[in-house]
Amino acid sequence: TFTVDVDADVAPVPMPSVRLEQVLINLVFNAADATSEGGQVHLRLVVEGEEVTLEVADDGPGIPEGDQARIFDPFFTTKDPGEGTGLGLAICHGLVQTYGGAVQFETAAGEGTTFRITLPLGAYRSSEARSP
C-alpha cells in the first residue's frame, strides 16, 4: 500500500523538479523492494520554518546495523547480483547535497526504515544550478 501525506499545496525547493523526481522514485522503489507482500510505503511532505522535509517510510525489515555506515557508498548494495547497482542512494545523496539539502535515515530491525530529505525552502532558479 502506498500513501501520501502532504502538508502544503506548494513547497518550492532550490532543486529542479526532474532531479527531485529521480530522488523520490529511487527512494520509493527501494522502500517497495524492502517490504513484503501487503507492505506499506508512506510519502510525507512537511514544511517547517525555512525547510521542506520529504520522508519515505516503509515497514520492511530495516537496514542491518552492519550495513548502515555504508548505505550511501557508491556500489554498495544488499540486493542480489543483477538486481541493483548500488548507485541509487549514493546518487540521491549527492543530488540533494548539491542543492543545499541533506539525506538522513532512521531504521529499526523488524519495524522499517524512514529516509528523510531536507531542503531549504525557496524556488529553483536555473542560473543558480550547480553541476550535480
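So that you can scan it fast, the table gives a plain yes or no per residue for (1) of a type outside the set (S, T, N, Q); (2) within 25 Å of Met15 (Cα to Cα):
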position: Gln68; (1), (2): no, no
position: Phe72; (1), (2): yes, yes
position: Gly84; (1), (2): yes, no
position: Gly94; (1), (2): yes, yes
position: Gly100; (1), (2): yes, yes
position: Ile117; (1), (2): yes, yes
position: Ala123; (1), (2): yes, yes
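Failed condition for Glu83, given (1) under 20 Å from Thr35 (Cβ atoms); (2) under 11 Å from the mean Cα position of the chain (by Cα), with all others met?
For Glu83, the failing item is (2).
How do the pairs read when you match residues in the stretch 1-26 that are more than 17 Å from Gly88 (Cα to Cα) and among the hydroxyl-bearing types (Ser, Thr, Tyr) with residues anywhere that are open to solvent by less than 90 Å² (accessible area, probe 1.4 Å) and assigned to a strand (DSSP E or B), using Cβ under 8 Å and keeping only pairs 6 or more apart or on different chains?
From the stretch 1-26, the pairs are Thr1/Val41; Thr3/Val41; Thr3/His42; Thr3/Leu43.
Just checking: which of the helices (runs of 4 or more DSSP H) contained wholly in the stretch 1-98 hold 1 or more residues that are under 14 Å from Thr118 (Cα atoms), open to solvent by 60 Å² or more (accessible area, probe 1.4 Å) and not aliphatic (A, V, I, L, M)?
Details: elements: 17-34, 65-68, 88-98.
Counting at least 1 such residues, we get 88-98.
List pairs: first residue in the stretch 29-54 and closer than 15 Å to Ala102 by Cβ and β-branched (Val, Ile, Thr), second residue assigned to a loop (DSSP other than H, G, I, E, B) and open to solvent by 40 Å² or more (accessible area, probe 1.4 Å) anywhere in the structure, Cβ distance under 6 angstrom, at least six positions apart or on different chains.
Close Cβ pairs satisfying both conditions: Val46/Asp7; Val52/Leu121.
The values are calculated or read from the model by the stated rules, or taken from the named source; none is laboratory data. A quick note: this is a predicted structure, and the numbers were derived from the prediction, not measured. Counting neighbours? That spans all protein chains shown, and the Cβs are built from the backbone with ideal geometry, glycine included. Only protein heavy atoms, including side chains, enter the accessible area calculation; ligands, DNA and RNA are left aside. Shrake-Rupley method; radii C 1.70, N 1.55, O 1.52, S 1.80 Å.
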